[in-house]
Structures are given as C-alpha cells and as structure tokens.
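Reading through the structure tokens given below for one structure.
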Amino acid sequence: MSAEDLAACVAVVRRTARCVDANALDDLCDCFAPDAVLVRPSGQRLEGRQAIRDAYAQRDPHRLTVHVIADTDGHAVSEDEMNVFSRVLLFQGLRGETHGPVPPQSQAVGSFEDRLVRVAHKWQIVQRVACFQFLWTPPQTPA
C-alpha cells in the first residue's frame, strides 16, 4: 500500500466530516460504498447509502456541527482494502437568528474506525464505527 493510497483514504475520512458539517448529503453518501454499514455513537446501525442519507436528513436544520479530524493512521489489509483510525473532536450548537459565532452546546471527543475499499480506482468506506469517549455539555444557567 502506497503513501498515496493512505493519503487518499484519509482524504475520504476527512471529506465525510466536512460533508456532515455542510449538510452535503449527496457528497457524504458518495464517500460510502452502496452497501456500507455505519454504526453511530448511539449504537444505531445504518445499512446502505439510503439509510445513511435518511438518518442525516433528519438532523435539526438549525444544528451546527464542526468535526475536527486528527491522529489519523491506517494500515493495509490488502492492495484494495485499508483500515483507518481517526480521533474526532466534535463541537455542536444551534444557529440563531443572528450571524456570527455560535456558543457550543456540547463538545465530544471520540473516534472513527473505518474500513475502506478501492473499487474502480476510488476509495470508499464500507464500514464505519463511530464512538465517543468523552462528552462535555456546558452547565445550564438558571433563567
């Protein structure tokens, strides 16, 4: 497995985060194989692109997320299959009526464990297990 293959797989992993943050569902689904399995941090198992699309389409339209992907590493299983592990820092909030920065409602540290395969010179995720190890929610101020 070449350094270019690893870079291509890491690019797919990072692209999924950008697509979720931008609510670009067609582009998100393009990162996954047609029969991909995604296990969300809640344990919800999504099977296939349509299930992945449907789950993300149900997000609150005012929800704002920023995923920071770091500490990504991979190892080849075969010439056309790679396992990639990434740390994920997730900030979440709700867009208000005004423009500008949004205070985070929660922050989480977790990971993606991805298995990617190359089909017709294109890397796609066939399995993702996403989980959180830490979750921080700011204390609520009394009204």
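What follows draws every value from the coordinates through simple rules; no lab data is involved. Keep in mind that what you see is a predicted model, and the values were worked out from it rather than measured. With ideal geometry, Cβ positions are generated from the backbone for all residues, glycine too; neighbour counts draw on all protein chains shown.
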- [ ] Determine the distance separating the Cα centre of region 113-143 from the Cα centre of region 86-110; give it in Å without decimals.
- [x] 15 Å
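Rounded if a/c is under 1.5, else prolate if a/b beats b/c, else oblate: with a ≥ b ≥ c from the C-alpha gyration tensor eigenvalues square-rooted, which is the chain? All intermediate terms of the calculation are to be shown ahead of the outcome.
On the way: a/c = 2.17, a/b = 1.80, b/c = 1.20.
Prolate is the answer for the chain, as a/c is 1.5 or above and a/b outweighs b/c.
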Task: Residues listed by number, region 111-137, amide nitrogen under 19 Å from Arg53 label point at 7 Å toward C-beta - done: 124-128
Open item on the list: Among Thr137, Gly74, Gln44, which residue has its Cα furthest toward the positive end of the charge dipole of region 30-143, with +1 on Lys/Arg Cβ and -1 on Asp/Glu Cβ?
Closed with: Thr137
Task: GNM result for the chain, Cα springs below 10 Å: residue of Val39, Val66, Val102 fluctuating most strongly - done: Val102
Task: Sum of -39500 (n - 2.57) over DSSP H runs of 4+, divided by residues of the chain (222 nm, nearest 500) - done: -7500 deg cm²/dmol
Task: Degrees, to the nearest 10: 3-22 long Cα axis against longest axis of the chain - done: 30 degrees
Open item on the list: So if I place +1 on the C-beta of Lys and Arg and -1 on the C-beta of Asp and Glu, and nothing else carries charge, what would the dipole magnitude of the chain be about its Cα centre? I want it in debye, nearest 20.
Closed with: 420 debye
Open item on the list: With 10 angstrom as the radius, rank Leu94, Leu6 by how many other C-beta atoms surround their C-beta, starting from the fewest.
Closed with: Leu94, Leu6
Open item on the list: Suppose a student asked you for the relative contact order of region 3-136, using Cα pairs under 8 Å spaced at least 6 residues apart; what percent would you report?
Closed with: 25 percent
Open item on the list: Which order do the peptides 53-64, 15-26 come out in when sorted by mean C-beta neighbours inside 10 angstrom, highest first?
Closed with: 15-26, 53-64
